[in-house]
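The structure under discussion appears below in the form of structure tokens.
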Amino acid sequence: MSSRRHHVLGILLTVLAGALPEVHAATAPPVESEFLQAVEALRAGRASDAQDLLATLVRREPQFRVAQLLYAEVLASRSGEKSAVASVAPNSPQLKELLDEYRVRVQDTVLQGPPVGAVPDAVLGLSGVHRTAIIVDLPRSRLYVLATQGNGLQLVSNYYASIARNGYGKSTAGDLRTPVGVYHATTFEPGNVLPPFYGSGAFPLDYPNLWDRMLGRTGHGIWLHGVPVSTYARPPRTSEGCVVLANEDLLALRSWIVPGDTPVVFSDSLRWTAPATLASQRSELVRRIDNWRARWSERDTDGYLGFYATDFHSDGMNLSQFGRYKRAVNAAKRRIDVHIRDLDLLRYPGEKDLVLAEFTQDYRSDNFATVARKQQFWQRGSDGEWRIIRELSRELPQSIARN
Amino acid sequence: MICRHRFVLGILAGAAAFGIGTPLSALAGAVDEAHALVQHGDFDGALKKLDDFLAGSPKDADARFERGVVLLKLNRTQDAIKTFTDLAHDYPKLPEPYNNLAVIYAQQGDYEKARDQLEAALATAPSYATAHENLGDVYAALASAAYNRALMLDQNNAGVRYKLSLIGRLSGGATPTGGKEPAAMAVASTAPAPAPAAPAAEPPVVAEESFATTAAPAPAAATGEGDAVTTAATALVKSWAEAWASKNVDGYLSYYAADFAAEDGLSRSTWEQQRRERIQRPAHISVKVSKISIARVDATHLRATFSQDYRSDITSNHARKALDLADNGGDLKITREYTTR
């Protein structure tokens, strides 16, 4: 290739420095996998293979515009023409968006993606046999699906995901940012009941959650959703707050997201680590939660209250009001029996030393029995001890609770 | 049966000589006559001559090919497609029918089909220069379309229209020649050692007309008188090749006579524009000429034949070329340029 030609292809290829990690290719969806194979072929000097791969790809997904751009560049270099891009101003917004998407798909993901066997440090533990978690790496525009399979948590798939125009860290309505936190889908809306803008469908999320409301954050309408049919994907920073996926990818999530149940983690600083490194913190918290449960079951109200932070609030009550309430309730009972199951432990993103515990709580006393799904925010204080700073219970219908 | 009459070549050589004031020999072949009519713009006349000839020799590949070209000039595109397709079917080793099919498909905007045809052409003749150049254009068109899709630009706003080069005649190479001695261009003037100086010729972008045999029947064994002329002609070939390789388009064009006619009938201005684009497009060009030999065709015309080795960052190919030169007592100018096989 002539050095005197302005060549987007050159730009595209210098973005890469290392080899494509295998785990990424193995868990990316087919369309993106093929695209990355074409990129790899180009870097290896196999322009003809790259051309064939791209020709097949754009025939199948003509709206995949980054692939069309790369294809155009490969064809242009075979024709000997100056770069096909040369006739457009280098700072054309459409071109810039495509280059951003290209960079995110290839560099950010490929070079900094997870090593084999690593898990995101956001997930301390997931309960159950077939439990999944959705983790979105907001700075890198990538959504990961993790599932408990056989011998532990594994990366199942990953997808390119667009986020908000102004990035992440939502705090106010209209700030055009994606929130940072742990959320749940409230439901799944199929595409045919939504405006075409949302593509194949949407999972509305429960922003603002308990933590957001504690911090006074405003805004609403944060969804996971698809794209209009006229395009395959959108630029990395594009939405008003939502996380946007290609239509076939959004539909694939239906196998993994249980509304109201599956944690959806939006992280601003995701790190990958070996599962073993999380074990000690997990067992520390599991023990702590179990001790809290035990104090409660033994109606040791003072001991129980010792697990709550001084700035704890719940249902409009501060700690001392909460304490008086609990003493009164416990005193009226002869027997309390609390069991915990289906515990998820998540390091809360965007915060230091904050862990979200979500579990199903079976409470039985001499005159009362409920099952509830509980959210507890545990914060480590200056004395190094974990204490509950916020909690919320959602009572479950008995017929669902017993399974 | 393809008849080749070398002396007809002598008559046809020189752009000014197409039948004007020069009676065609009674022995001139029908296809040659038809070709002359095409060059002259009389497509209906050419078609009639070919149809008459084909009535008696329906399988004649040369005539069929020429007929396809004429049909295309008459805008009878579907008929032209059928003609070339049948010819490709009957003679799968000829590159020319594939090339011309590519030209038609490109005209229709179907660059993918055009590419397939050109790759078929190159499969039969890997260094066929016209097909290479056309393929470059096809890739440029495909790139442009992909780029439009990437940036969601208006597809109809095509910007550059890519017109491929049509081939005007079949070469004698792959078909039974009624012809005589194969290109023993030798003749006359000892070609001065072709120090394959720098730049050589670019692949004849212009549709080549190739004739297996060449040289006038009795090539004037250039004796002494030829020496000065021979030297001049040889020098012209080298300078022309050098201008080409150094991408000096104006200098390159200055070697062509005012009445130079491109083999595929492109107008002078279109041909010049095409040459300009194609010479400027590569980053660097190398053109080596060798085995130059000069022959006198008649009192005012010479023919230079030589081997041409072309390389650029896009493509490379090798061909046996001929330049017909007119000698008007001062400057030598190129009146025809074509590939011989």
Does B:Ala34 satisfy being surrounded by 14 or more Cβ atoms within 10 Å (Cβ to Cβ), at pLDDT below 95 and assigned by TED's automatic domain parsing to the domain that holds B:Tyr139?
-> yes
Count of the range A:344-373 residues which are basic (Lys, Arg), in a strand (DSSP E or B) and modelled with pLDDT under 95 | 2
Yes or no: A:Gly226 free of Cβ contacts under 8 Å to residues at least 40 places away in the same chain, among the small types (Gly, Ala, Ser) and assigned by TED's automatic domain parsing to the domain that holds A:Pro139?
-> yes
Can you spot a residue in the range A:161-175 that is among the hydroxyl-bearing types (Ser, Thr, Tyr) and without any contact (Cβ under 8 Å) to a residue 24 or more places away in the chain?
-> no
Return a yes/no flag: does the range B:95-108 have any residue that is closer than 26 Å to A:Gln68 by Cα, within 12 Å of another protein chain (Cβ to nearest Cβ) and surrounded by 21 or more Cβ atoms within 10 Å (Cβ to Cβ).
-> no
Kindly provide the set of residues from the range A:318-351 that are within 23 Å of A:Thr262 (Cα to Cα) and surrounded by fewer than 13 Cβ atoms within 10 Å (Cβ to Cβ), ordered by number.
-> A:Arg341
A:Val156: passes all of (1) surrounded by fewer than 18 Cβ atoms within 10 Å (Cβ to Cβ); (2) modelled with pLDDT of 90 or more; (3) touching a strand residue (DSSP E or B) at 6+ places or on another chain (Cβ under 6 Å) but (2)
Long-range neighbours under 7 Å by Cβ, at least six apart or interchain, first residue within 17 Å of A:Asn209 (Cβ to Cβ) and not assigned by TED's automatic domain parsing to the domain that holds A:Val182 within the range A:350-377, second part of a strand (DSSP E or B) and among the β-branched types (Val, Ile, Thr) | A:Leu356/A:Val182; A:Phe359/A:Ile340; A:Arg373/A:Thr360; A:Gln376/A:Ile388; A:Phe377/A:Ile388; A:Phe377/A:Ile389
Do you know which residues across the range B:303-313 are away from every other protein chain (no Cβ under 14 Å) and surrounded by 21 or more Cβ atoms within 10 Å (Cβ to Cβ)?
-> B:Arg303, B:Ala304, B:Thr305, B:Phe306, B:Gln308
Of everything in the range A:42-81 that's modelled with pLDDT under 90, touching a Leu at 6+ places or on another chain (Cβ under 9 Å) and more than 21 Å from B:Tyr162 (Cβ to Cβ), which residue is farthest from the other protein chains (Cβ to nearest Cβ)?
-> A:Arg43
Which condition number in (1) surrounded by fewer than 16 Cβ atoms within 10 Å (Cβ to Cβ); (2) under 21 Å from B:Ser127 (Cβ atoms) is the one that B:Asp259 fails?
-> (2)
Options A:Asp100, A:Asp108: the member that is more than 11 Å from every other protein chain (Cβ to nearest Cβ), touching a strand residue (DSSP E or B) at 6+ places or on another chain (Cβ under 9 Å) and either at pLDDT 75 or above or more than 23 Å from A:Val244 (Cα to Cα) (or both) = A:Asp100
Within the range A:275-286, is even one residue farther than 22 Å from A:Gly152 by Cα and under 28 Å from the mean Cα position of the chain (by Cα)?
-> no
Which ranges mark the strands (runs of 3 or more DSSP E) fully within the range A:180-239 that have 3 or more residues being within 18 Å of the chain's Cα centre (by Cα) and of a type in the set (Gly, Ala, Ser)?
-> none
Inspect all residues belonging to the range B:314-330 and state whether any of them is more than 14 Å from chain A (Cβ to nearest Cβ), of a type in the set (Gly, Ala, Ser), over 24 Å from B:Leu166 (Cα atoms) and surrounded by fewer than 22 Cβ atoms within 10 Å (Cβ to Cβ).
-> yes
Could you list all residues from the range B:291-337 that are within 14 Å of B:Leu236 (Cα to Cα) and outside any strand (DSSP E or B)?
-> B:Gly330, B:Asp331
For the range B:283-302, state whether one or more residues are small (Gly, Ala, Ser), buried (at least 22 other Cβ atoms within 10 Å of the Cβ) and under 17 Å from the mean Cα position of the chain (by Cα).
-> no
In contact with a Gly (Cβ under 6 Å, 6 or more places away or on another chain), crowded, with 17+ Cβ neighbours inside 10 Å and assigned to a loop (DSSP other than H, G, I, E, B) - does that describe any residue in the range A:256-266?
-> no
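The values are calculated or read from the model by the stated rules, or taken from the named source; none is laboratory data. These figures come from a predicted structure and were not determined experimentally. Every residue, glycine as well, gets a Cβ built from its backbone with ideal geometry; the counts of neighbours run over all protein chains shown.
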